[in-house]
1. Working from Cα positions, state the angle (0 to 90°, nearest 10) between the long axis of helix 209-221 and the longest principal axis of the chain.
2. Among the GluC sites (Glu not before Pro) within the range 172-261, which fall in a DSSP loop and have no more than 16 other Cβ atoms within 10 Å of their own Cβ?
3. Cα-Cα pairs above 16 Å in the range 564-622: how many percent?
4. What is the Cα coordinate range of the range 475-614 on the first, second and third principal axes, sorted by size from largest, in whole angstrom?
5. Ranked by Cβ crowding within 10 angstrom, fewest neighbours first, how are TRP90, TRP34 ordered?
6. Which of the aspartates and glutamates could a cross-linker bridge to LYS626, judged by Cα under 16 Å and excluding same-chain residues fewer than eight apart?
7. Kirkwood hydrodynamic radius, computed over distinct alpha-carbon pairs, for the range 4-258: how many Å, to one decimal?
8. Please list the three semi-axes, largest first and in whole Å, of the ellipsoid equivalent to the chain, using sqrt of 5 times the eigenvalues of its alpha carbon gyration tensor.
Amino acid sequence: MSVVTIARQGEIATVTVDNPPVNALGLALRQGLWDAVATLDADPAVRAVVLICAGRTFIAGADVTEFGKPPVAPHLPDLVARIESAEKPWIAAIHGSALGGGFEVALGCRFRVALPEASVGLPEVTLGIIPGAGGTVRTPRLCGVATAVDMATTGKPMRAPKALAAGLIDAVIEGDLLTGAVEFARAAIAQPLPLPVSQRGIEAPEAGFWAEAEASVAKSAKGAAAPARALAAIRKAAEAPFDEAMGFERTTFLELRGTEQAAALRAVFFAERAAPRPAALRDVAPLPLKTVAVIGGGTMGAGIIAALRDAGLPVILIERDDEAVARGLANVAKVFDGGVKRGKLSEAQARALKDGVTGTTDYAALPDVDMVIEAVFEEIGVKRAVFAQLGVVCRADAVLATNTSYLDPRAIAEGLPNPSRFIGLHFFSPANVMKLLEIVPTPQTSARTLATGFALGRLLKKIPVRSGICEGFIGNRILKRYRAAAEGLVRKGVPIARIDAAMRGHGLAMGPFEAQDLGGLDIAYLQREGARAAGQDVPETLGDILVRAGRKGQKTGGGWYDYAAGERKPLISDQVAQLLAAEIAPPSAMTEPEIAQALVAEMAAEGQAILDEGIAASPADIDLVKIHGYGFPRWRGGPMFATRVRE
Ligand code: T1G
């Protein structure tokens, strides 16, 4: 099957790309387009060329699977230049996403037209590189420097209507894309053509723009190298001749391709795409999910309901009494009203999302639901009582899931009829935002139930990761080790603030102590106390000392740090120093990089134990948990990738 086919509609030729799954620019496609230029330039009957793609999307970029290998001709920048200098003008007809090299090919065309829901973008920085085929040099020639900087340094795609307003595309096509593109081409050749993009000028930005952009990019990149390099390439495009800027971009692209950050981001890219479809479940049909119930409308329950609604599922909320139902519905409404305030949702959209939730205290509402997700108080008796009722009222094949984070799902499912349909689905708060979903089957969980858990993950656009049963599953178990290791450094005299600064400097949003102050020290304290009450030998932690002194975190005005009233800014606490004085060695000179290295090594060591015990299926799964559940910097690939033995 040829990846490029040519057809003719009178004087307009159509070049159709068909290279599933996303028309990536592998060698065969580059060669096919290269040859198509010559073929159509040689055809006197042809006056213009429409470039269109089959399948789900326009060209989605260079073929990421080729990145580990040396580039092979025809190289993409040369192909783009060849299309741009073709005798007949090319018109890119875009549906789905024109991303990276795909958008660069479209920039080589004389015109670009797109369906309303299509998007264009330069996501290269999300792979640790920058555009390598003119993206940073041609884009500012269409939309100006500021918009180009935003696109190339964030990697965020832009929808067609916005791209039209920015000058990146020439028309939005309503109806059939090919028909509209051919009509556009016919009209375009009836008048003088615009200059090829490479020959258009770039307006110099206002004074101070570059310094401001450099500061802003450095702040948001938080250690990722590519965004600043993309900015430098756009600046070069604005200040140097086209060819010089193209050379600068290509050199930068080739250099970044070989970096550790690019290797890490590629690993995450493929792990994220593999996670929702485990090979072991490929032939297992999940239960169709049309209606879902959530038991408990607290923070977690409301977040889970919001995620289900965002995926278009109607939801029944069950609570213990009318007041709780009202509170739960109000919690859900707060999520969507927040979306309206942030301009993400219209009032009508928010209303429709809220209307899809029915609140009741009556379990008799559940006989037809396909899945129930329990999100009630984290206490075994409360959970067991819920499942005792669900086991009676729900269909025998309805999937019954618990959102527990610390309890043993086997204990929760005890006595449940048909335990094969029971599973753990551990969401992370806020459940409508955090992508991680730990999927925890019990030994009785059927393959179909497990497949349904992953199908839910796909439906909610989550990153689902299977976990075996242990305390804290994958993520919280590593978190516990990480916090214990951080406390160990405090005992060795390393200042609390230096440890937090070290982990923020490593790319985490927050260090371990400031994060505990935000979430509350008492949650883990109560878990430790519960374990002690159950007879487990749980040594006292520094956190215990603070909680017993009433220091539970920001919510009590102080935890590891003090906080001025109403402030979130952490202040070094004299009281903490006094409370812990007997536990802490003389000050240590450990540096921030040494701290980060030591703590990441602890995360990886626990990850290795998790692998050895079969709790996680692969190091990549553990990295996805840390990235999507705990904010580990994705440009480091995750603790397992960052500490892997290099071949
Ligand atoms: N190369 C190779 N395979 C790719 C691919 C790519 N660029 N993009 C996706 N795939 C595979 C993916 O692994 C999966 O495979 C299948 O396609 C469906 O993907 C020179 C150098 C386009 C928005 O970063 O954002 O161009 O698991 O599940 O949800 O300047 O894929 O089925 O075997 O994500 O419909 C820049 C990355 C490259 C785009 C579609 N381009 N892809 O989303 O499908 S660098 C990108 C996406 C570049 C130039 C530079 C999304 C999508 P499998 P999927 P989707």
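1. The helix 209-221 is inclined about 40 degrees to the chain.
2. On the way: sites: GLU174, GLU183, GLU203, GLU206, GLU212, GLU214, GLU239, GLU244, GLU249, GLU255, GLU260; in loops: GLU174, GLU203, GLU206.
Those that pass, being in a loop and sparsely packed, are GLU174, GLU203, GLU206.
3. 69
4. 46, 39, 29
5. TRP34, TRP90
6. Result set, ordered by chain and number: GLU272, GLU438, GLU602, GLU606.
7. In the range 4-258 this quantity evaluates to 18.0 Å.
8. Values: eigenvalues 474, 202, 100 Å².
Equivalent ellipsoid semi-axes, largest first: 49, 32, 22 Å.
Bear in mind that the values in this text are calculations on the coordinates, not laboratory data. If you're wondering where the values come from, they're calculated on a predicted model, not measured in any experiment. Methodologically, a virtual Cβ is constructed for each residue, glycine included, from the backbone with ideal geometry; neighbour enumeration extends over all protein chains shown.
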